[in-house]
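Below is one structure, written out as structure tokens; comments come after it.
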Amino acid sequence: MSRLSTKSPSRCTDLPLDNADICKKLDLLRQLLRSCFGSDSDCGLFAAILCLSLIEQAKQSGLRGNVAIRVNKHLLGLCTSYLQGEDCGCKVKLDFCSSQSLITLARSVISSKPTCVLTEPETLHISRLAVQAFLLTVPCSSPGIVSLGKIVTVSVEGHGVLNSTVFPGVLLDMPDVFTIDKVETLPSDALRMVLFSASLAGDLSELGDGIIELHPGVDTDSQILDQLLELGKQVVKDEVKLFVCQKVIHPVLQQYLRGHGIIVIERLGITLMEPLTQLTGAQPVATLHTTIPAKAYGRVRDLRIRTFGSKTMLHLHPPGECAICTMILCHRNETMLSELKVVCQKTEHVLRLTLREPSALLGGGCTETHLAAYIRHKSMNEIPETVSALGCSQTECLLGVEGFCRSLEAVAAALEHDGRSSLMDLTHAHHWSHPTDVLTEHMGDSLGSCGCGLVESSPIQKWTYLNSKYPQFSPAPLSEDASVQPHVLDSFTAKLNALQVAVETANLALDVRYLIQDVN
Amino acid sequence: MPPVERLHLDHVVQTVSVLESVVLRSFGPEGGQVLFTRDTGQAMLSRSGARILTALRLEHPLARMVVECVLKHSTVTGDGSKTFILLLASLLRMIHKMACKEPNVSHTYTSRQTAEASTARHLADNILAFALEELDDLIAMGVIPYGCCLSWEDFTAKKHLPGPSNNDCVQKLLTSFFHSRLGRSHCDFISKLTCELLTHWKFKRDQPSLSLEFVNDNLDALHTPVSGFPISCSRLIEGQVIHRDFATPCPQTEQKTVKAAVFSGYLQPKLLNAGQVLQLGCGEQWMEENSKNNRSIVQFSAWTERSLECVFANLQSLGVSVILSAVKQSAAVLSLAAQAEMCVVECVSENELSLFAQLSGATPVSDCWMVEPEHVATLTFCRPILLGAHRYVHVAFNDSEERVTVKPCSLVICGLGEGQTDQYTCAFRDAIRMLLSTWEPMGMTATTASKRTLQSTKSTYSHVDQIPNVPPFQQCRLQPGYVIPAGGTFEFLLHHALLQNGTSCSASDDTVTSGLAVSQLLANALLIVPRQIYSHSPRHFLQAQARFQTIIQNHSHPFSLVYKQEHRSIFGESAFPLEEDKLTKQADVSAKLFMSDSGLESVSCKYQLLLAVLQCLSSILHVDTVLHTHTALHTQSRRLANTSWEDTDDETED
């Protein structure tokens, strides 16, 4: 490629983080992120806000980049080992005997995406559905290696969110409504079905790249069609009631099959093939010239027609236990619907993570304040060791710790909007929100409970504003009280990862010495 | 007439100094990242010298030439790009100073600048010639006694030996490398991981280079980049990861072993290849002669299906339950495989298949009609693995007779984003190359090549084949595998050795290009490296220099004597008596102690680096004119033109 205009030289900036202009931009970005951060935290935003706060704090502290990086890394190590430890005070074990904590966890994820535009009851409904669908994908009675099933999502536009629902089994699109009458007369016990993965349109694609010369009088189309009808005959003889093809079925074959009372579904698409084989036990057939082996047939139970708005669907129940389910998601318009779909996938992912690590972190900013208090206390107690391990002075180390803890607190404070201020209690170090800036004598009455809902305010408690000086203390663990359940929970795995990503990113940014901008 | 730009020494010094100023930002313990951004939103963050220099997209032909030299060097040794530029700039400045002071007076030149250029060129050539002749001896005498030799056997032997083992030394060597490459935060973690990887991939009885070369060659297949996770999630996993998902549902088996076969082509035979013609419905007579049934196209496709069924029947009789394929198979193949309870993995890359073949010992099937037991690999498992957002196929191998010591494992490299994982991968690759050059017998490649270059530059118009006086490179004077504490030790020691050499070698010849001057120049130029390492505090530099002075004064005399004698006896014969080697090692301990907590650097890499820099120096000083050749479109800007540089060195030199 040629270039006709003169190339302008790159713009270079030394020590870009000391540059006022760049810092202003960072600050603006932080403000923007803060404005999107809801009361139920999202791990991506959490990471972004924490990262920017860490950069800002490191700059304000005036520490050398390398020292700040080392201190941050050391404190991250303290955080992760505390969070992973047995005696972590901001972690709760998930109880799989009740769906309540799973629903709370799902709700945090779903309500963290305001673009879905959900009301409070809608959020709860979707959270329940997400948990229901997730539980349906966990097989109950299979010993040995457990493999999770699948949630098939069907979106229906123009319906209220509360119409969304979850079914066990698979729902297939039924464009040809005229077969409905016949379906309804079908018995509901196990039916034989066949699943084709090759095209049945009458093309022979696997012959190769050579040329076929036809002499007059040879009609390959009818030869192939005859072969397809042979297949049809076998299927009829084997008493198949449902005929599904991933690709296109020749209209004549369709006609023939329907004439024999078989339900025909074509153009299934690749995505539904795996759930359908798991559901029915069928093995996809792609050979047209050999008899279909008996074991390739699958079974379904209880065919039923269901309609959602303009959609007519055939509902297939599994013959036995099966970890496949279908989630029908309804929303008022397309944009919100696609957001809802993404959120539900994310929720599914978060719920699946709980199987590997059955814990959750307290939400509502309580994990952040608690962690900040813990880090302050822990690092103060270990200051001589830390100083020698990091090779910095005590002052530098203290500055670094302060910056790190303030950054964590800043994330908690970012949850508050509308001029409310953030507080922390001096017993458990949980996060509280208060409408005014006045710290009164009778605060206990107006505060209610903390961000995650585990701690009730009491007159003997003391509070401090976030980002103000307070004597360091060891945050007390909560008494095991089964009757009090946290209102807000965050995914343990996702948040731990976000914490690590945030610190690592901040450290990378703090390590930047030179900026070269190509302005062409 | 193309525009001609005469290159003056000032230009050369300036150009290289600009490169130096960029590279310096990420050099040494206080160095950091350089961030490149484009208005398109792309951004790249790097600390790697080679990457920074490549990303600069330079226009000046001389700068491009320098970068090319750096890249050539760093692809071989995997290391030293930043130091390369630093040394080059430092040497150029010294030569410039010297040439300005004393331009070559023995000839008549049209201008002072030409005279300066000539002196500079002469100096550069002399330094190169001197280095090619003397450097290995100087290093052997002045540097090696303070280092220690890593042995591959010890490194991979046992991990739980008391005291500092060789393993620690390799790890220290790697730590220094990753520190300069990726920064301090993660260098310990990654070097440990690399050591673990190498311990797993150790072929017993083999040369270290074989193991390293194996990892180097197969790194693409051996690693999986995963974005969105902190680097601390990087880990080793048993066996091999095939970077594809199952094409058919993977059946869960409780069986102890899994049998697999590798196919390089299609399982379903193609009836017609390109260019072949199938005639249908031609004369009845012909048909009857050949086959009574072949009247329909359907018969042909039925044949391909039947043959496929035979292939599967054969595979089933061999107990195969996993098919790895280089190509995408037909729907019929997948269907029959599912019916036969086999799982298929399609479109596996060539690298991965060849690694699989090496590890499993099974030969890939080329003709599906001839699947024999030697084509069947036995695996301990074959299952899906979720890495980041992708599902891959994870296989592990049965221990075989030949590789009792090798525990096949793959590397999962995690990073914040794709750019980061990519850099970590490159750093891994280069670390392996660096180790390879550390253990590579010195002088085998670098020196031979450079001696040739020298010959061709000395007599400008002669060709490489005309090398007259250089004997075939037989004496390898430096033992491979030597390491020296990092942090400027090599430069301090060599500086001292060069100065001593200068005073001893010649007092008679006192021109600027004499042995004395050349030694001194090189010695002083070397100090740029420690100076920059301690750039955050000049006091530390002076302290370090003083410390080295005392150490050298206290130890050098007896040491070098001992070494010289040994040196002669050892190198007189071709074999290396092990006992004597151990003796030197023990004698070294006291010298080593003072810097036991610092990282390590490879002497061999440093030596190769120095030679590469000197060659680059000599070749850029041989450029004196730049001819800008223009294509039609490039007439507007001279600077933009597709510049080509020409070695128009036609002046009389010798």
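Read the figures in this text as sums done on the coordinates, not as results from a lab. Predicted model only: the values in this text are computed from it and were never measured. Cβ placement follows ideal geometry from the backbone for every residue including glycine, while neighbour counts extend to all protein chains displayed.
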In debye to the nearest 20, the charge dipole size for region B:1-86, taken about the Cα centre with +1 at each Lys and Arg Cβ and -1 at each Asp and Glu Cβ, equals 200
Would you work out which of A:Gly65, A:Leu200, A:Ala47 lies farthest towards the positive end of the dipole of chain A? Charges go on Cβ: Lys and Arg +1, Asp and Glu -1. A:Gly65
The size of the Cβ-based charge dipole (Lys, Arg +1; Asp, Glu -1) of chain A about the Cα centre, to the nearest 20 debye, is 340
May I ask you to work out the translational diffusion coefficient for region B:168-227 at 37 °C, viscosity 0.692 mPa s, via Stokes-Einstein with Rh from the Kirkwood sum over Cα pairs, reported in whole µm²/s? 263
Assigning unit charges at the beta carbon (Lys, Arg +1; Asp, Glu -1) and nothing else, what dipole magnitude in debye, to the nearest 20, does region A:311-409 show about its Cα centre? 460
Ranking A:Glu120, B:Glu238, B:Glu305, B:Glu491 by Cβ neighbours within 10 Å, fewest first, what do you get? A:Glu120, B:Glu238, B:Glu305, B:Glu491
Considering the alpha-carbon set of region A:308-374 alone, what are its Rg and its Dmax in angstrom? 18.5, 57
Computed label-point distance, nm, for sites B:Asn351 and B:Arg93 using a 7 Å Cα→Cβ extension: 4.1
Cβ-Cβ cut-off under 13 Å around B:Leu435, Lys and Arg +1, Asp and Glu -1: the net charge is -1
Give me the compactness ratio for region B:10-143, meaning the Cα radius of gyration over 2.2 N^0.38 Å. 1.25
Would you mind counting up the charge near B:Ile533? Only other residues with Cβ under 12 Å from its Cβ, with Lys and Arg at +1 and Asp and Glu at -1. -1
Can you work out the base-10 log of I(q)/I(0) for region A:262-306 at q = 0.15, 0.25, 0.28, 0.34 1/Å, using the Debye formula on its C-alpha atoms alone? -0.46, -1.20, -1.32, -1.28
Where labels lie 7 Å past Cα in the beta-carbon direction, separation of A:Leu29 and B:Ser317 in nm: 6.5
Over the Cα atoms of region A:38-96, what Rg and Dmax result, in angstrom? 14.8, 48
Whole-angstrom Cα spans of region A:202-287 along principal axes, big to small: 46, 29, 18
For q = 0.13, 0.27, 0.28 Å⁻¹, Debye-computed log10 I/I(0) when each Cα of region B:372-441 counts as one equal scatterer: -0.66, -1.15, -1.18
Exposure proxy ranking, count of Cβ atoms within 10 Å, fewest first, for B:Lys97, A:Lys378, A:Lys241, A:Lys93: A:Lys93, B:Lys97, A:Lys378, A:Lys241
In nm, give the distance between the simple-model label positions of A:Asp173 and A:Thr115, each being 7 Å from the Cα along the Cα-to-Cβ direction. 2.5
With bins 10 Å wide starting at 0, give me the P(r) of region A:343-454 over every alpha carbon pair, in whole percents. 13, 32, 29, 21, 6
Please report the net charge: other residues with Cβ closer than 12 Å to the Cβ of B:Gly183, K and R +1, D and E -1. +2
Quick one: what are the phi-derived ³J(HN,Hα) couplings along region A:89-102, Karplus 6.51/-1.76/1.60 with θ = phi - 60°, whole Hz, x for glycine and proline? x, 10, 10, 10, 6, 7, 9, 7, 6, 10, 7, 4, 5, 5
Can you compute the equivalent ellipsoid semi-axes for chain A, i.e. the square root of 5 times each eigenvalue of the Cα gyration tensor, sorted largest first and rounded to whole Å? 58, 30, 20
Out of all DSSP beta bridges in chain A, what portion is antiparallel? Express it as a percent rounded to 5. 65
Report the FRET efficiency, 1/(1 + (r/R0)^6), for A:His215 and A:Thr290, where r is their Cβ-Cβ distance and R0 is 25 Å, rounded to 0.05. 0.35
